Amino acid sequence: MTIIVTGGAGFIGSNFLFHMLGKYENYRMICVDKLTYAGNLSTLEPIMDNKNFRFVKLDICDREGVYSLFQEEKPDMVVNFAAESHVDRSIEDPEIFLKTNIMGTAVLMDACRKYGIKRYHQVSTDEVYGDLPLDRPDLFFTEQTPIHTSSPYSSSKAGADLLVLAYHRTYGLPVTVSRCSNNYGPYHFPEKLIPLMIANALADKPLPVYGKGENVRDWLYVEDHCKAIDLIIHKGREGEVYNVGGHNEMKNIDIVKLICKELNKPESLITFVADRKGHDMRYAIDPTKIHSELGWLPETKFEDGIKKTIRWYLDNKKWWEDIISRDYQSYYEKMYGNRGEA
Ligand code: NAD
Ligand code: TYD
């Protein structure tokens with residue numbers, strides 16, 4: 001079995017590579033990554049010498065490059081994690097999101113059509129469903145919930161999802177799509193909520209909470225997401241969408257307070273800053289389908305997962321301090337410098 005994993009130098013893709021190489025001794029895993037600001041080769045150090053692993057620096061929009069890799073490797077499956085993934089960046093500059101997330105997906109699927117594939121899997125997000133109101137805790141996203149996006153990021157992911165399902169119907173491409181809620185865990189890029197708050201708290205810097213911090217996200221430990229994808233690519237039905245989430249809704253402000261508590265830092269570090277434009281209020285997944293069809297259930301409880309994650313950031317300071325010391329400083333100044341207090 002040869003599997004191309006795109007975006008494998010990023011947060012979830014790298015965790016997926018570790019999971020697959022650890023579990024399947026006879027699988028050849030090929031990581032395709034452009035190494036954007038979010039991709040990090042040092043993340044892949046533990047597997048660089050593994051005989052079943054190959055890293056290829058390549059943009060998924062590069063049709064010629066992608067075709068020649070398919071010709072050479074003849075993959076059985078493709079799992080597409082490669083994407084521009086940060087909502088705040090998409091609000092500043094949408095274009096690259098359309099290129100990578102939509103056009104890149106099309107190039108990969110065209111390669112699958114041309115060279116043949118057993119499974120193309122699209123890693124998508126619950127953000128394609130838009131948001132739910134805070135005063136209706138009875139509502140959840142199911143696979144039937146209409147697509148109703150809020151940000152350029154989620155719109156680009158939704159565009160890609162529609163294209164993937166169209167390639168199934170039109171060309172019979174054997175596809176699956178997973179739509180997961182917010183992930184957390186090791187190797188999460190330090191500009192996203194949880195790692196950003198850990199890094200800032202450790203440096204006694206302000207903890208910038210958007211708006212009132214009442215927005216709700218449904219957090220899932222990254223390993224549980226990787227196990228869900230592993231199940232879907234092996235046992236999921238072609239042409240189907242599977243929602244992935246663990247009924248773990250938390251308000252942003254409560255997460256930030258929890259991080260303060262775990263790190264023994266004062267809540268006075270919390271600073272309420274101007275809200276994100278178009279900020280989604282609540283995400284909440286109904287995972288009934290993946291549970292009843294494939295037997296998937298999340299294994300890591302939030303209280304354990306967040307402790308493991310904080311421990312990982314304490315034990316792996318070099319990984320994120322290196323990132324923070326690069327272009328990150330100018331990003332941080334641009335996004336938070338003039339944001340002001342709410
Ligand atoms: P990430 O930003 O950490 O990693 C993305 C990776 O893709 C990086 O290594 C980057 O270099 C690579 N990449 C970007 N553009 C590329 C291109 N044109 N060609 C090749 N590689 C390219 O993202 P993540 O958080 O690991 O998310 C991975 C996938 O999972 C994304 O598709 C995202 O939409 C989806 N997802 C993420 C979450 C979450 O909570 N992080 C939740 C649900 C779904
Ligand atoms: P993020 O990690 O960017 O994920 P997403 O927007 O895809 O859900 O943000 C998670 C939540 O945290 C979201 O409601 C925005 C909020 N947030 C802050 O309040 N402050 C911050 O500095 C960041 C990065 C996010």
Test: residue 108 is surrounded by 15 or more Cβ atoms within 10 Å (Cβ to Cβ), more than 9 Å from ligand 1 (Cβ to nearest atom), over 16 Å from the mean Cα position of the chain (by Cα) and in contact (Cβ under 8 Å) with a residue 24 or more places away in the chain: yes
Verdict on residue 140 being surrounded by 17 or more Cβ atoms within 10 Å (Cβ to Cβ), within 16 Å of ligand 2 (Cβ to nearest atom) and not polar (S, T, N, Q): no
Members of the range 252-301 found to be under 19 Å from the mean Cα position of the chain (by Cα), of a type in the set (S, T, N, Q) and more than 30 Å from residue 152 (Cβ to Cβ), listed by number: 300
Subset of the range 265-288 (residues that are part of a loop (DSSP other than H, G, I, E, B), more than 16 Å from residue 216 (Cα to Cα) and within 11 Å of ligand 2 (Cβ to nearest atom)): 274
Selection within the range 302-313 - surrounded by 12 or more Cβ atoms within 10 Å (Cβ to Cβ) and without any contact (Cβ under 8 Å) to a residue 12 or more places away in the chain: 311
Residue that is under 30 Å from residue 240 (Cα atoms) and surrounded by fewer than 17 Cβ atoms within 10 Å (Cβ to Cβ), where the choices are 330, 292, 268, 325: 292
Conditions (1) under 25 Å from residue 10 (Cα atoms); (2) surrounded by fewer than 21 Cβ atoms within 10 Å (Cβ to Cβ); (3) more than 16 Å from ligand 2 (Cβ to nearest atom): number failed by residue 175: (2)
Residues that are within 14 Å of ligand 1 (Cβ to nearest atom) and surrounded by fewer than 23 Cβ atoms within 10 Å (Cβ to Cβ), drawn from the range 13-42: 18, 19, 30, 34, 35, 36, 37, 38, 39, 40, 41, 42
Failed item, numbered, when residue 2 is tested on (1) under 17 Å from residue 229 (Cβ atoms); (2) out of contact with any strand residue (DSSP E or B) (no Cβ under 7 Å at 6 or more places or on another chain); (3) of a type in the set (Ser, Thr, Tyr): (2)
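Yes/no per residue for (1) surrounded by fewer than 19 Cβ atoms within 10 Å (Cβ to Cβ); (2) modelled with pLDDT under 95; (3) within 9 Å of ligand 2 (Cβ to nearest atom):
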{"position": "187", "(1), (2), (3)": "no, no, no"}
{"position": "204", "(1), (2), (3)": "yes, no, no"}
{"position": "209", "(1), (2), (3)": "no, no, yes"}
{"position": "222", "(1), (2), (3)": "no, no, no"}
{"position": "225", "(1), (2), (3)": "no, no, no"}
Odd one out for residue 17, checked against (1) touching a residue at least 60 places away in the same chain (Cβ under 8 Å); (2) among the hydrophobic types (A, V, I, L, M, F, W, C); (3) not in a strand (DSSP E or B): (1)
Selection status of residue 106, in a loop (DSSP other than H, G, I, E, B) and in contact with a helix residue (DSSP H, G or I) (Cβ under 9 Å, 6 or more places away or on another chain): no
Condition met for residue 262 (more than 13 Å from ligand 2 (Cβ to nearest atom), surrounded by fewer than 19 Cβ atoms within 10 Å (Cβ to Cβ) and in a loop (DSSP other than H, G, I, E, B)): no
Scope the range 176-215; condition touching a residue at least 60 places away in the same chain (Cβ under 8 Å), closer than 19 Å to residue 307 by Cα and not in a loop (DSSP other than H, G, I, E, B); matching residues: 183, 184, 193, 194, 195, 197, 198, 199, 200, 201, 202, 207
Some residue of the range 293-307 being more than 15 Å from ligand 1 (Cβ to nearest atom), farther than 30 Å from residue 46 by Cβ and assigned to a helix (DSSP H, G or I): yes
Failed item, numbered, when residue 145 is tested on (1) more than 16 Å from ligand 2 (Cβ to nearest atom); (2) crowded, with 17+ Cβ neighbours inside 10 Å; (3) touching a residue at least 24 places away in the same chain (Cβ under 8 Å); (4) hydroxyl-bearing (Ser, Thr, Tyr): (3)
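The values are calculated or read from the model by the stated rules, or taken from the named source; none is laboratory data. All of these numbers come straight from a predicted model, not from anything done at the bench. Positions of Cβ are backbone-derived with ideal geometry, glycine not excepted, and every protein chain shown enters the neighbour counts.
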